[in-house]
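Visitor: This is the structure I want to talk about, given as structure tokens.
The values are calculated or read from the model by the stated rules, or taken from the named source; none is laboratory data. Here the structure is a predicted model, which means the values were calculated and not measured. Every residue, glycine as well, gets a Cβ built from its backbone with ideal geometry; the counts of neighbours run over all protein chains shown.
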Amino acid sequence: MEVMNAIVEAGLAGEEGASVAGLTRKLRKPVVAAANKMVYIHHAPIRVWHWVNAAAFVVLLLTGVQIRFAGRLNLFSLEEAIHLHNYVGFMVISNYFLWLLYNLGSGQIRLYLPNPRGMARKIKEQVVYYTYGIFRGDPNPHQVTPEDKFNVMQQQTYAIIMFALIPLQMATGLFLWEIKRFENYINFMGGVRIVNLLHVSLFFFFAAFLIGHIYLATLGHTPLAHIKAMFTGYEEE
Amino acid sequence: MNRKWGMSLAMLVLAAAMSGAAASWAAVDNGVCLDCHGDSSLTRKDGEGSVFVDQKSFQYSVHNINGIGCLDCHTDVGDLDVSQAVPHKTPLAAVNCGGCHEQAASQYRLGVHQKASHKGIIIQCQACHGYHDVVSNENKPVRERENRSCLKCHNPGKYHNWLPQKETHFTYVQCTVCHAPNMPHVIHLRFYDLAKRQFLEPERVLAALGTDFDGFMPMFSRDAKPEEMSADEFENMVFALNRRGLYVGFHAELLSQNDPRVHQVTKVSAKRACADCHAANAPFFDSVAMFFVDQNGGVHQYKLDRKVLESYSVSNFYLPGSGAVSRLRPLDLGGILLVLGAGVGVMLHLAGRAATAPLRKRRHDRKEGEAD
């Protein structure tokens, strides 16, 4: 992997390496070491779930912006935005439960559960890597394997998102879908404005997360390596 | 003569004898009519249809409270002839509500209900408003208002499938907001007892505050605009009720203003423009009020500043697109900053990687040299 990183860095550097334009051109021309071993990391159900979720999130974010800022934006009519948001919202809910069932059934749910042993050290290493080491060309302290595909920070972030934030977003979305039908739950939570506050706060969080997520996905040994892996299932070791 | 008419006639004769004069138009008061029409089994001469008037309902109707008697509406009763089984002419003409409610009648004539008469469907005022039990709906919840009028004939649940939040709209938005679109609207706040989980009658609120309908507004609205309660004054009112053991929230509803134009109900031009309401600059946000109805049916309207809608006490109120009246505006600001922050963070990291690329290249070359 270290050799791989060195090759990537060689590809990124060069005469134009210091300019953003040069970097962008280099990013489009990934350097791949043919000798590297491919490892099957992402199972097919997870890949399907991921891309369905990704497309749905984009639609939910766009329609969500329209609903939130109705009268100020005209991406869709409010009526269209609400109906689309509702349909896609239910799709995401169904997709979530398929994901959960698959992960529980296959035992892959353990990939999302951080091991407390050495956690503080691993977090420190990962933070140092992203804030310092990556600029120097240090290797990523976490090696991706089928049994350990997330680094400790990914693991914690995804655990919080998948077991807390997504369920909360789904529940608040469901309540807001039919306020009258769920008014007892809404009143229990303090009123529709509180429910909406949670839903909109999470909407902004997910919008910000998506930006970070897409960027981090380009930090493989080539900019498209992780993204390709999410289609093929194979990461280079 | 059937038994009931006979009994009624006997009572009428007795009343006339006691007054020492023949019953005349001028002498007939509500009591005389109700002597017969207060009998719940009283029917028309042909036995078809009840002519019973519930005395209690009539007593509390806006008409009776305001001194409108039977003969003010049933103007063609004429002199009573107590020698007859039915002491007045029959059949009586239909009541002309438009005689008093002129503007409402003229607006009604422009609406869809009047147009239905071309199809042979006659919809008179009482079809919506009832007969002798007309009361003020001003402080009733939307559903209760509609039960007394539109929902007698219409089943909105069968239609409106295009409408998101159908039941929520039916609960909080009066039909005429969309179906009488030329009307000015008002956001009406209703007191809700959080402890007992029920709506509060204005009398309870006033009793708790130790004031009356006229004293309510001056008790709290003491700034430069005494005719309108500001957000701070509204909070003071809530705190004053809390101190007196009444913990209240408010339910907000969107209503048509009490105006004769509400009778110009339309179908084809019913609004299907969500953005007319779901926009920060929607005009009805400028009209927020509480209505108290007194025992005489009088409506007391208390105007509120639109910022009242931002109060935590009105936490059941939220309209998508209503950001300008929502206390959540800082949330939008914070959210946009969060998203921009993520974008800026990513750009800085990317720029850092680009700037340090020569460093990594040198390091890589050195390592390769060492390896050789």
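Visitor: Is there a residue in the range B:148-169 that is surrounded by 19 or more Cβ atoms within 10 Å (Cβ to Cβ) and in contact with a Gly (Cβ under 8 Å, 6 or more places away or on another chain)?
Guide: No, because not a single residue in the range B:148-169 is surrounded by 19 or more Cβ atoms within 10 Å (Cβ to Cβ) and in contact with a Gly (Cβ under 8 Å, 6 or more places away or on another chain).
Visitor: Still on this structure: Please return the ranges of helices (runs of 4 or more DSSP H) entirely within the range B:34-95 where 3 or more residues are out of contact with any strand residue (DSSP E or B) (no Cβ under 7 Å at 6 or more places or on another chain) and under 18 Å from B:C125 (Cα atoms).
Guide: The qualifying helices (runs of 4 or more DSSP H) are B:62-65, B:70-73.
Visitor: The conditions are (1) in a helix (DSSP H, G or I); (2) more than 7 Å from chain B (Cβ to nearest Cβ); (3) among the β-branched types (V, I, T), and A:T222 fails exactly one of them. Which is it?
Guide: Exception for A:T222: condition (1).
Visitor: Which ones in the range A:151-199 are over 28 Å from the mean Cα position of the chain (by Cα) and among the small types (G, A, S)?
Guide: A:G190, A:G191
Visitor: On to the next question. When you scan the range A:39-49, do you find a residue that is without any contact (Cβ under 8 Å) to a residue 12 or more places away in the chain and either closer than 28 Å to A:A225 by Cβ or assigned to a loop (DSSP other than H, G, I, E, B) (or both), even just one?
Guide: The answer is yes, given that some residue of the range A:39-49 is without any contact (Cβ under 8 Å) to a residue 12 or more places away in the chain and either closer than 28 Å to A:A225 by Cβ or assigned to a loop (DSSP other than H, G, I, E, B) (or both).
Visitor: Another question, if that's okay. Name every residue in the range B:205-227 that is in contact with a strand residue (DSSP E or B) (Cβ under 8 Å, 6 or more places away or on another chain) and either surrounded by 14 or more Cβ atoms within 10 Å (Cβ to Cβ) or outside the structural domain of B:N155 (by TED's automatic domain parsing) (or both), in order of residue number.
Guide: Correct list: B:V205, B:L206, B:F213, B:F216, B:M217, B:F220, B:S221.
Visitor: Can I ask one more? Of everything in the range B:324-358 that's within 7 Å of chain A (Cβ to nearest Cβ) and within 32 Å of the chain's Cα centre (by Cα), which residue is modelled with the highest pLDDT?
Guide: Among those residues, the one meeting the criterion is B:L331.
Visitor: Could you please let me know if A:V65 is within 14 Å of chain B (Cβ to nearest Cβ) and part of a helix (DSSP H, G or I)?
Guide: Spelling it out, A:V65 is indeed within 14 Å of chain B (Cβ to nearest Cβ) and part of a helix (DSSP H, G or I).
Visitor: Yes or no: the range A:141-149 includes at least one residue that is among the charged types (D, E, K, R) and assigned to a helix (DSSP H, G or I).
Guide: no
Visitor: Just to check your reading of the model, which residue among B:A275, B:A279 is within 13 Å of chain A (Cβ to nearest Cβ), modelled with pLDDT of 75 or more and not in a loop (DSSP other than H, G, I, E, B)?
Guide: That would be B:A275, the only listed residue that is within 13 Å of chain A (Cβ to nearest Cβ), modelled with pLDDT of 75 or more and not in a loop (DSSP other than H, G, I, E, B).
Visitor: Related question: Of the conditions (1) crowded, with 18+ Cβ neighbours inside 10 Å; (2) within 13 Å of another protein chain (Cβ to nearest Cβ); (3) touching a residue at least 40 places away in the same chain (Cβ under 8 Å); (4) out of contact with any Gly (no Cβ under 9 Å at 6 or more places or on another chain), A:A207 satisfies every one except a single condition; which number is it?
Guide: (4)
Visitor: Which condition from (1) surrounded by fewer than 15 Cβ atoms within 10 Å (Cβ to Cβ); (2) at pLDDT 95 or above is the one that A:I161 breaks?
Guide: Just one mismatch for A:I161, condition (1).
Visitor: So, one more: A:V59 is checked against (1) within 17 Å of the chain's Cα centre (by Cα); (2) in contact (Cβ under 8 Å) with a residue 60 or more places away in the chain and fails just one. What number does that condition carry?
Guide: (2)
Visitor: Taking interchain pairs and intrachain pairs at least six residues apart, which have beta carbon atoms under 6 angstrom, with the first residue in the range A:129-154 and within 14 Å of chain B (Cβ to nearest Cβ) and the second surrounded by fewer than 16 Cβ atoms within 10 Å (Cβ to Cβ) and assigned to a helix (DSSP H, G or I)?
Guide: Going by the 6 Å Cβ cut-off, the qualifying pairs are A:F135/B:G352; A:P139/A:E2.
Visitor: When you scan the range B:232-242, do you find a residue that is over 16 Å from B:F317 (Cβ atoms), surrounded by fewer than 15 Cβ atoms within 10 Å (Cβ to Cβ) and within 14 Å of chain A (Cβ to nearest Cβ), even just one?
Guide: There is no residue in the range B:232-242 that is over 16 Å from B:F317 (Cβ atoms), surrounded by fewer than 15 Cβ atoms within 10 Å (Cβ to Cβ) and within 14 Å of chain A (Cβ to nearest Cβ).
Visitor: Looking only at the range B:297-323, filter to residues that are within 30 Å of B:H63 (Cβ to Cβ) and modelled with pLDDT under 90; which one of those is nearest to the other protein chains (Cβ to nearest Cβ)?
Guide: B:V299
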